[in-house]
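The values are calculated or read from the model by the stated rules, or taken from the named source; none is laboratory data. Every value quoted in this text rests on a predicted model; they were computed, and no experiment measured them. A quick note on method: Cβ atoms are made from the backbone with ideal geometry, for glycine too, and the neighbour counts reach across all protein chains shown. Heads up: the accessible areas ignore ligands, DNA and RNA and are worked out on the full protein's heavy atoms, side chains in. Shrake-Rupley method; radii C 1.70, N 1.55, O 1.52, S 1.80 Å.
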Amino acid sequence: MTVIHSASHAAARPASPALVDPFGRVIDYVRVSVTDRCDLRCTYCMLERQTFLPRSEILSLEELDRLCSAFVDLGTRRLRLTGGEPLVRKGFIDLVGNLSRHLRSGALDELTLTTNGTRLADHAEGLARAGVRRINVSLDTLDPDAYRRITRGGDLDRVMAGLAAARTAGLKVKINAVALKADNAGELAGMVRWAHAGGMDLTLIETMPLGEIEGDRTDQYLSLADVRADLERQWTLTPLTRRTGGPARYVRVEETGGVLGFITPMSHTFCETCNRVRVTCTGELFMCLGQDDKADLRTVLREHPADDSHLRSAIREAITRKPMGHDFRIERRGAAPAVARPMSMTGG
Ligand code: SAM
Ligand code: SF4
């Protein structure tokens with residue numbers, strides 16, 4: 001079997017043999033959701049009256065640390081903490097501070113997070129001090145009214161203050177923007193210009209059929225193939241070879257000098273080089289974002305509070321079940337989501 005290492009796999013070896021799935025893919029990137037809660041209610045992500053899980057079902061900070069550390073022991077080189085909104089989780093900065101021991105030991109190449117930015121003004125400095133170097137900030141529009149509409153009540157000024165704080169703290173920022181036919185199609189080029197002028201890369205994301213939302217996703221879906229064709233009429237986009245093992249493809253915009261990414265899970269297959277798995281805030285390990293098979297790591301964590309060998313075995317076993325790929329479809333109007341759990345649960 002040919003073993004496929006992702007670009008991020010550095011020379012340092014893990015304590016135990018690396019996680020390799022049945023298709024020879026080395027799994028060295030893990031996204032962990034630390035909460036299902038959020039201070040926003042983005043229309044494509046959550047219901048307006050979203051119900052959240054009882055706290056007892058959510059992993060404690062200590063369990064999250066054990067879980068992340070077990071993955072690091074099994075060769076994870078990149079760890080992304082997400083949610084829900086990670087910065088609404090009490091004690092989150094302490095969790096990051098504790099996990100940064102794996103950066104210092106050289107076991108981990110990167111410890112990062114995805115945030116909506118609303119609380120970044122308070123936490124950017126703490127994140128930088130805890131060892132975070134880069135963050136992804138999700139922002140779909142620069143128009144305060146559209147922002148309030150998309151997020152159902154969010155205040156754009158707070159995100160802008162957060163971005164300024166991130167810059168002051170020396171954090172490198174990538175902006176993630178979901179392309180939405182009705183809400184931001186007309187301003188995507190302007191957002192790219194704005195991000196690049198501020199020294200930030202920007203990645204555009206197609207809406208994915210994850211979770212129940214109000215309304216019909218086909219009304220929001222905007223093909224990034226069309227967006228890209230549009231941008232190519234005004235700019236020179238030079239493809240970059242940069243690969244992250246995920247669905248993103250990158251170009252350099254020659255006119256702005258910045259990097260633009262396209263995440264096109266709907267119109268593109270990216271599964272052959274997939275190097276990642278995701279864990280929900282309840283400790284369910286999903287081997288594929290677009291499939292339902294999972295492993296219950298919370299039970300293992302709670303049944304063996306003092307011995308993580310069981311946890312490592314459970315992770316190894318789950319990786320033997322990682323499927324070749326997903327099967328997202330969005331073209332059927334009014335169709336049920338391909339996967340019932342929302343992105344806020346699996347972690348974006
Ligand atoms: N709350 C944080 C944030 O918004 O950055 C982290 C979690 S959020 C679920 C992670 C990313 O998933 C965000 O960039 C968000 O825009 C994206 N997302 C959520 N639901 C999505 C969907 N149905 N399709 C595509 N992207 C989605
Ligand atoms: Fe919250 Fe992020 Fe989902 Fe928006 S995309 S509702 S910010 S979890």
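Couple of notes before you dig in:
- Qualifying residue in segment 41-62 (condition: near ligand 1 (Cβ under 10 Å from one of its atoms), charged (D, E, K, R) and within 22 Å of VAL159 (Cα to Cα)): no
- A single entry from ARG298, ARG302 fulfils the requirement of being over 22 Å from the mean Cα position of the chain (by Cα) and among the charged types (D, E, K, R): ARG302.
- Summed over segment 119-143, the residues that are open to solvent by 30 Å² or more (accessible area, probe 1.4 Å), assigned to a loop (DSSP other than H, G, I, E, B) and away from ligand 2 (no atom under 16 Å from the Cβ) give a count of 3.
Rundown of residues vs (1) part of a loop (DSSP other than H, G, I, E, B); (2) within 16 Å of ligand 2 (Cβ to nearest atom); (3) among the aromatic types (Phe, Trp, Tyr), yes/no style:
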residue	(1), (2), (3)
PHE23	yes, no, yes
VAL32	no, yes, no
ASP36	yes, yes, no
LEU40	yes, yes, no
THR43	yes, yes, no
GLN50	yes, yes, no
LEU64	no, no, no
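- Positions within segment 265-297 being open to solvent by less than 10 Å² (accessible area, probe 1.4 Å), farther than 18 Å from MET208 by Cα and modelled with pLDDT under 95, in sequence order: ASN275
Listed here are the residues, each with its yes/no results for (1) more than 16 Å from ligand 1 (Cβ to nearest atom); (2) surrounded by fewer than 23 Cβ atoms within 10 Å (Cβ to Cβ); (3) at pLDDT below 95; (4) in a helix (DSSP H, G or I).
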| position | (1), (2), (3), (4) |
| --- | --- |
| PHE71 | yes, no, no, yes |
| GLY75 | yes, yes, no, no |
| LEU81 | no, no, no, no |
| LEU87 | no, no, no, yes |
| VAL96 | no, no, no, yes |
| LEU103 | yes, yes, no, yes |
| GLY106 | yes, yes, no, no |
| LEU113 | no, no, no, no |
| GLY117 | no, no, no, no |
